[in-house]
Amino acid sequence: MTLVRNPSRFTTLLKRFSQLSVENLSSATQKPRSFATQRTSQASGENSTRNGIRVTPTIRKMAEEAMLDYFYSTRSLQYMVAESMSKNSPIFIENLLKKVNCVSASDINQSITKHLRFHPVNEFEPFLESSGLKPTEYTHLIPSGEIFLNELLLENHHVLCYCGVDPKKIGKIFEEARDVFGYETGVLASKIKAYEDFGFSRLFLSKLIACCPRILIGVTDMELVMVMEMLRRTIGVDSDWVMKNLSEEVSYDWSSVHRALTLLRGICNDENELCRLIKNHPRLLFENSGKWTLILVGFETKLGSSRRELYSLFVKLPQIQLEKCVSNLRRCFLFLKEIEMEDDEIHKVFRSHSWWIGSCTLKKTSSLLVNLKAYKTRVCQVVKENPEEMKKWTMGSKVHPLPATEVYLDSKAMKTQFLLDLGYKEDSEEMERAGKSFRGRGSELRERFNVLVSFGLDEKDVKEMVKASPNILTQASDVLGTKVKYLVEELGYPLSTLVAFPSCLKFTLERMKLRFAMFSWLKARGKADPKLAVSTLLACSDKDFARYFVSRHPDGPKHLEDLKRKQLL
């Protein structure tokens, strides 16, 4: 009624609704653009200042200049140290910019200076980052309660740089030999001078210190000195050759290197052999400080290798890591043990073939036996006749079954005839399945079959028994005969019991004796049915046997344990 009486008000409402719908449409069409802008701003926020100014290379350079001015002018650090800390600490600079409150990009320098005036930074962070360490590597190295670099640390840092050590590699020294940075004035310089007196050049020392910082801890490392002396005099190599074969990524134990070098000198007949061996295979000394060489020599020596055989092995050594070589040799040794090869034969294999076995990674024994389709004895015989057959059994290669032998073919023919005698049709699917179920040689299957017949069972009944439960023929003839004697002669069960339940013969004799002894005890006390079937007693699990039979008498559990103890005696 109000709208009808006041048309002007109605017109005003229509205008408002029309404007609202237009605004909604425009905002809906602009949403994808606003979302994209939002994502971009969020992404850029990950690399921006506190006020959202994006960190460009120009801003980063300005920040580095501000940090250099702070460390050099305000903190009075050496210019070389200050410059390295400002230019080689990108993560530290990035984190600092996120804390700085600045209005514009041109204000970065002044803003950082103002921020540092009231918020001193922990100088160990840019120092260690510029020395080559990541934040995850140096966090635990920062001294608690200290934020400023002390004089001794800076002095020893200067000595290392003067010696020729790259400032970006000093972090490893701080990580592995931190005590170096606490030496009093002149101590570090005197330690470096001691190595120079032994003929070490400044360039070689700088490389050596970066690789092995611990040579600066304690007294002079005489093992290192002896190694260099032996290499120089005996082999004729200089420090340049050593530098080429050292890696700054690892640390070296020079006592272990010295032991490996001494051992190799004892293996070689003269210095010429030693020289050729070391020059061709420097990893014998420097891979894991020669420790894998020591392990390899010990392994081969236990297998009976002589000095000349060891030298021949090292000369022919495959171009792979010694650690992998030792791993392959050990894998082959375990394989030969698992196929039950005699120790003397194993020694023969390794004494003549270690040089190529070290480069071959054999498949697992279980996998090989399946793929070769042969028993351990057959595989063992093949290796004895020609150890190089193992080259075909390595990881990544397709292993083919071993060719059939006359013995195998005869056994297969006898097994086929045995299955035909049981009533299977030749070349039928049923016969193929039965061939997999009946395990063992044909002669053995026939022998075990005859054992059952010898106890008075009808041959037709025995055929039905083994067809119903092929597993009973997988055990030795004497074991099978002992079980039948126990059930028929000792316990007095009729032969028909075996015909009705042939699977009873697959259980161990110990299980039979334990179950029937317990059954006899319960029957004497009126707690068990005398006519209880053999299948009921043997087929149930130990848990069910205890629940349904043993628990019938209060003393049942105790008596069962007594029976178990008697079996163990």
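Let a ≥ b ≥ c be the square roots of the eigenvalues of the Cα gyration tensor of the chain; is it rounded (a/c under 1.5), or, if not, prolate (a/b larger than b/c) or oblate?
oblate
So what is Rg over Rh here for region 77-233, counting just Cα atoms and using Kirkwood for Rh?
Rg/Rh for region 77-233 comes to 1.07.
If I take R0 = 22 Å and measure r between the Cβ atoms of residue 78 and residue 196 in this structure, what FRET efficiency does the formula 1/(1 + (r/R0)^6) give, to the nearest 0.05?
FRET efficiency, residue 78 to residue 196: 0.40.
Can you give the calculated 222 nm mean residue ellipticity of the chain, where each DSSP H run of n ≥ 4 adds -39,500 (n - 2.57) and the sum is split over every residue, rounded to the nearest 500 deg cm²/dmol?
Calculated mean residue ellipticity at 222 nm is -19000 deg cm²/dmol.
If the only charges are +1 at each Lys and Arg Cβ and -1 at each Asp and Glu Cβ, what is the size of the charge dipole of the chain around the Cα centre, to the nearest 20 debye?
2480
Relative contact order of the chain, please, whole-number percent, based on alpha carbon pairs below 8 angstrom and at least 6 residues apart.
Details: 515 pairs, mean separation 29.7, N = 569.
With pairs under 8 Å counted, the relative contact order is 5 percent.
Which order do peptides 347-353, 120-126 fall in by mean Cβ count within 10 Å, highest first?
120-126, 347-353
Taking the Cα centre of region 101-194 as origin and charging only Cβ (+1 Lys, Arg; -1 Asp, Glu), how large is the dipole, in debye to the nearest 20?
180
For region 340-404, rounded, prolate or oblate, judged on the Cα gyration tensor with a ≥ b ≥ c (square roots of eigenvalues), a/c < 1.5 rounded, else prolate if a/b > b/c?
Since a/c reaches 1.5 but b/c is at least a/b, the shape of region 340-404 is classed as oblate.
Where a ≥ b ≥ c are the square roots of the eigenvalues of the C-alpha gyration tensor, would you call region 100-193 rounded, which needs a/c under 1.5, or, failing that, prolate if a/b is larger than b/c, or oblate?
It is prolate, given that a/c is not under 1.5 and a/b is the larger ratio.
With unit charges on the beta carbon (Lys/Arg positive, Asp/Glu negative), name the residue among 399, 546, 310 whose Cα is farthest towards the positive pole of the charge dipole of the chain.
Farthest towards the positive end: 546.
Short version: ³J(HN,Hα) in whole Hz for each residue of region 392-401, in order, from phi by Karplus 6.51 cos²θ - 1.76 cosθ + 1.60 (θ = phi - 60°), x for Gly and Pro, what are they?
Karplus-based 3J(HN,Hα) across region 392-401 equals 7, 10, 8, 4, x, 9, 8, 8, 9, x Hz.
Just want the answer: with Cβ charges of +1 for Lys and Arg and -1 for Asp and Glu, which residue in 286, 141, 173 is farthest toward the dipole's positive end in the chain?
141
Mind putting a number on the dipole of region 147-240 about its Cα centre? Charges go on the C-beta only, +1 for Lys and Arg and -1 for Asp and Glu, and I need it in Debye to the nearest 20.
200
Which residues in region 336-363 place their backbone N less than 12 Å from a point set 7 Å from the Cα of residue 376 along the Cα-to-Cβ direction?
336-342
Would you mind working out the accessible area per residue for region 103-183, using a 1.4 Å probe, and quoting it in Å²?
50
Of 531/558; 244/291; 364/392; 291/324; 467/531; 316/376, which sit over 23 Å apart, Cα to Cα?
Over 23 Å apart, Cα to Cα: 531/558; 467/531; 316/376.
Round to the nearest 0.05 the FRET efficiency obtained for residue 91 and residue 316 when R0 = 45 Å and r is the Cβ-Cβ distance. Intermediate values should be presented prior to the final figure.
Details: r = 49 Å, r/R0 = 1.08.
E between residue 91 and residue 316, to the nearest 0.05, is 0.40.
Once label points are set 7 Å from the Cα along Cα→Cβ at both residue 113 and residue 477, what is their separation, rounded to one decimal in nm?
10.5
What distance in nm separates the two pseudo spin-label positions at residue 345 and residue 219, each 7 Å out from Cα along the beta-carbon direction?
Result for the modelled spin labels: 5.5 nm.
In terms of Cα to Cα distance under 18 Å, which aspartates and glutamates are near enough to residue 168, apart from those fewer than 8 places away along the same chain?
Of all the aspartates and glutamates, those that pass the test against residue 168 - Cα under 18 Å, at least 8 places apart if same chain - are 64, 83, 123, 125, 129, 137, 155, 176, 248, 249.
Which Cα, out of 109, 218, 126, lies furthest along the positive dipole direction of region 96-221 (beta carbon charges, K/R +1, D/E -1)?
109
The values are calculated or read from the model by the stated rules, or taken from the named source; none is laboratory data. Remember, it's a predicted structure, so these values are computed and weren't measured experimentally. Reconstructed Cβ throughout: ideal geometry from the backbone, glycine too, with neighbour counts over all protein chains shown. For the accessible areas, the whole protein counts, side chains as well, though only heavy atoms, and no ligand, DNA or RNA atoms are used. Shrake-Rupley method; radii C 1.70, N 1.55, O 1.52, S 1.80 Å.
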